[in-house]
1. Which order, highest average first, do 126-132, 59-65 follow once you tally other Cβ atoms within 10 Å for each residue and take the mean per peptide?
2. Could you give me the ³J(HN,Hα) list for the stretch 133-145, computed from phi with Karplus coefficients 6.51, -1.76, 1.60 and θ = phi - 60°, whole Hz, x at Gly and Pro?
3. Expressed as a whole percentage, what fraction of the accessible surface of the stretch 51-165 belongs to carbon and sulfur atoms when a 1.4 Å probe is rolled over the protein heavy atoms?
4. Go through Phe106, Phe160 and list them by solvent-accessible area, largest first, probe radius 1.4 Å.
5. Name the long-range amide H neighbours of Arg60: under 5 Å, sequence gap of 5 or more, or other chain; modelled H, no Pro or chain starts.
6. If you plug each phi of the stretch 105-119 into the Karplus form 6.51 cos²θ - 1.76 cosθ + 1.60 with θ = phi - 60°, what whole-Hz ³J(HN,Hα) values come out, in order, with x for Gly and Pro?
7. Under 13 Å from a point placed 7 Å out from the Cα of Asn73 along the Cα-to-Cβ direction: which residues of the stretch 96-121 have their backbone N that close?
8. Report, in listed order, any pair from Lys109/Lys140; Lys79/Lys154; Lys63/Lys154 with a Cα-Cα distance greater than 21 Å.
Amino acid sequence: MHTTYGCITSGKSLQVFDIVLFMRQFFLRKGALEWFQKFPLLETLFIFVNSGHMRFFETRFLKQADEFISGLNPKAKAKVLFNIDLSEQLQDPRLFKKLSHDLWEFRIKFSRSQIRLLAFWDKTDKKSTLVIATHGFIKKVDQVPNREIQRAIKLREEYFSNGKE
């Protein structure tokens with residue numbers, strides 16, 4: 001019998017990203033400092049995991065997305081930023097999912113509400129891959145409302161037509 005401690009398993013053993021995800025959630029929940037004092041090797045591993053060596057993309061926020069995140073309560077804001085950071089490191093559709101041809105959504109569940117940030121890819125710079133978050137909203141129905149999708153499309157078009165400001 002094997003225990004997963006809430007991690008996702010794939011068959012017989014845990015994947016590397018499952019272990020990383022578990023460690024991050026565990027240490028952030030339990031208070032990393034006391035664990036690092038007991039087990040110094042864990043601190044080294046945690047620093048490596050969080051040092052940006054495993055990022056698939058970088059997230060930037062348009063003004064509307066930044067204003068939405070700033071308006072959230074501190075715990076919700078921390079959860080949003082944590083999930084965005086995690087989605088940059090893991091390719092997990094529970095965190096970052098494709099909506100349509102050009103639009104994606106960051107998916108955050110917090111305190112019985114579903115927070116969404118719509119986003120698109122900016123691959124014009126050959127050196128880095130950017131994901132641009134357009135705006136956010138609290139999702140109240142099963143599907144993403146069409147007006148939110150249209151708003152994200154409009155913001156995407158403005159972004160590329162105005163020279164990526």
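The values are calculated or read from the model by the stated rules, or taken from the named source; none is laboratory data. Computed from a predicted structure; not experimentally measured. Ideal geometry is used to build each Cβ from the backbone, glycine not excepted, and the neighbour counts take in all protein chains shown. For accessibility, only protein heavy atoms count, side chains too; no ligands or nucleic acids. Shrake-Rupley method; radii C 1.70, N 1.55, O 1.52, S 1.80 Å.
1. 59-65, 126-132
2. These are the phi-based 3J(HN,Hα) values: 7, 7, 6, x, 7, 8, 7, 10, 10, 5, 9, 5, x Hz.
3. 49 percent
4. Result, largest first: Phe160, Phe106.
5. Long-range HN contacts for Arg60: Val131, Ile132, Ala133.
6. The phi angles translate into 9, 7, 10, 10, 9, 8, 6, 6, 10, 10, 8, 10, 10, 8, 8 Hz.
7. Output list for this probe position: 110-113.
8. Beyond 21 Å between Cα atoms: Lys79/Lys154.
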